[in-house]
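Please treat every number below as a calculation from the coordinates, not as lab data. This structure is a prediction, so every number in the text was calculated from the model and none was measured. Cβ coordinates were reconstructed from backbone atoms using ideal geometry, including for glycine residues, and neighbour counts include every protein chain displayed.
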Amino acid sequence: MADRVSPQRILEHVQRLGEQHPPIALDSVDRDVRAPAAVADRYGHVIDYLARVELEVDRNVLELLVLLPDVHEVDRMFYADVWQPQEIQHGLILDRLQQDLGRPAAQPELAVSFKIKIMGALAHFSSIQDIARLLYYLTGASTERQAVLAYNVLYDGMLDLGEAAIAETIVSPIRRQEPGHFAFYRMSATQLVQSGELKPWQLYLARILREKTYNLVGTNGQDRYRAQMGGVASVLGFADDLEKYAREVGRIEAQLLWAERSGMEFPPYVLKALKESIDLYRERGFDA
């Protein structure tokens, strides 16, 4: 049984994030790249993918405004005052890095999808909005865990290439901020489930929606991005043990959303999404 999580504990966590982790300043980055061609060849597509995902934070905020019309203040404080300012800087820094490597600028998807708008129309019913909140937290936990794992490998990879400036002034500051985001989503999802606010039918519907709509970070429900994510997973070594990666990514929702399935380490749809992305990458490559 997970420790009880209180709303006050979540609020204090968000306040600490804002106080201790201000957005990374662009001028704090050392832009010295020793071997641009080598970095671009090995990690160029990975940096582009990460930059695009981070820059899509502005669309993510618009989606939250649609999905959570009666947003709780702590959620608003997190995404508006902490998460968005931090993430947009991550994206700008990574995008400038890839342009320093001679690559084109990232092209984020900034339009809110029709599916989100439909869900938003239903979210004006409080019972549906509570389901949307849970899915928001679970999605956040999954995507932030993927980010943490990616930046950890990227940091080591840059050191292997002798690119200390990139590792220490770009990747390291970014990866220090991501675990706090993951912790917010984990605690928020845990608190919502522990509170008993969600009725059995709401949890049942949340399971169905999650199973039908699960996407890996940055794939946006599109095959071209799924293929690119498969490439990222391959370059970073995650494709070598997909079940291990699925456990890392899907553990929280296995514990909270599928608690009645004793022994489940991760929901099957997580591994399914990973395998589909790898297959698409092998079929199409990065530039699908």
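Considering only A183, G237, G162, whose Cα is most displaced toward the positive end of the charge dipole of the range 161-243, charges sitting on Cβ of Lys, Arg (+1) and Asp, Glu (-1)?
Working it through, the farthest residue towards the positive pole turns out to be A183.
Students often get this wrong, so try it: which of (i) 0.96; (ii) 0.99; (iii) 1.30 is Rg/Rh (Cα atoms, Kirkwood Rh) as calculated from the structure shown?
(i)
Work out how much length L209 to E109 would gain on full extension: take 0.36 nm times their residue separation and subtract the Cα-Cα distance, in nm to one decimal.
33.7 nm
Identify, among L274, V249, A259, the residue whose Cα sits farthest towards the positive end of the charge dipole of the range 178-288, taking +1 on the Cβ of Lys and Arg and -1 on the Cβ of Asp and Glu, with the dipole about the Cα centre.
A259
So, in Å, what gap is there between the alpha-carbon centers of the range 1-60 and the range 219-263?
Going from one Cα centre to the other spans 19 Å.
Return a whole-number percent for the relative contact order of the chain, with Cα pairs under 8 Å and 6 or more residues apart as the contact set.
22 percent
About the Cα centre of the chain, how large is the charge dipole given +1 on each Lys and Arg Cβ and -1 on each Asp and Glu Cβ? Please answer in debye to the nearest 20.
The calculation lands at about 800 debye.
Nearest 0.05, what FRET efficiency do R34 and N152 give at R0 = 30 Å with Cβ-Cβ as r?
Here the calculated transfer efficiency is 0.90.
Could you work out how much longer the chain between Q8 and E283 gets when fully extended? Use 0.36 nm per residue separation minus the Cα distance between them, nm to one decimal.
Gain in length upon complete extension: 94.1 nm.
On a 0 to 90 degree scale, rounded to 10, what angle separates helix 172-195 from the longest Cα axis of the chain?
Relative to the chain, helix 172-195 is tipped by roughly 10 degrees.
Helix 268-284: angle to the longest alpha-carbon principal axis of the chain, degrees 0 to 90, nearest 10?
30 degrees
Net charge within 11 Å of K272 by Cβ-Cβ distance, Lys/Arg positive one each and Asp/Glu negative one each, not counting K272 itself?
-2
Considering the zone a paramagnetic label at I118 would reach in this model (a point 7 Å from Cα along the Cα-to-Cβ line), which residues of the range 51-95 have amide N under 16 Å from it?
67
Cα gyration tensor of the range 1-128, axes a ≥ b ≥ c as square roots of the eigenvalues: rounded (a/c below 1.5), prolate (a/b > b/c) or oblate?
Because a/c hits 1.5 or more and a/b fails to exceed b/c, the range 1-128 counts as oblate.
Could you pull out every residue, at least 5 positions away or on a different chain, whose amide H is within less than 5 Å of the one on V112? Hs are placed 1.01 Å off N in the peptide plane, and Pro or chain starts have none.
Long-range HN contacts for V112: none found.
Output needed: percent of Cα pairs per 5 Å distance bin for the range 190-288, bins running from 0 to the one holding the longest distance.
Pairs per bin, as whole percents: 3, 13, 21, 21, 16, 11, 8, 5, 2, 0.
Which residues does the label zone of R176 cover in the range 29-57, counting backbone N under 20 Å from a point 7 Å along Cα→Cβ?
29-32
Have a look at L205, H124, Y136 and report the one farthest towards the positive end of the charge dipole of the chain, computed about the Cα centre with Cβ charges (Lys/Arg +1, Asp/Glu -1).
L205
Classify the range 169-244 as rounded, prolate or oblate, taking a ≥ b ≥ c as the square roots of the eigenvalues of its Cα gyration tensor: rounded when a/c is under 1.5, otherwise prolate if a/b is larger than b/c and oblate if not.
Oblate, since a/c reaches 1.5 and b/c is not below a/b.
Taking the 0 to 90 degree range and rounding to the nearest ten, how far is the long axis of helix 126-160 tilted relative to the main principal axis of the chain, both from C-alpha atoms?
In the chain, helix 126-160 runs at an angle near 20 degrees to the longest axis.
If I model a spin label at S127 and D160 as a point 7 Å from the Cα along the Cα→Cβ vector, what separation in nanometres do I get?
In this crude spin-label approximation the distance works out to 5.2 nm.
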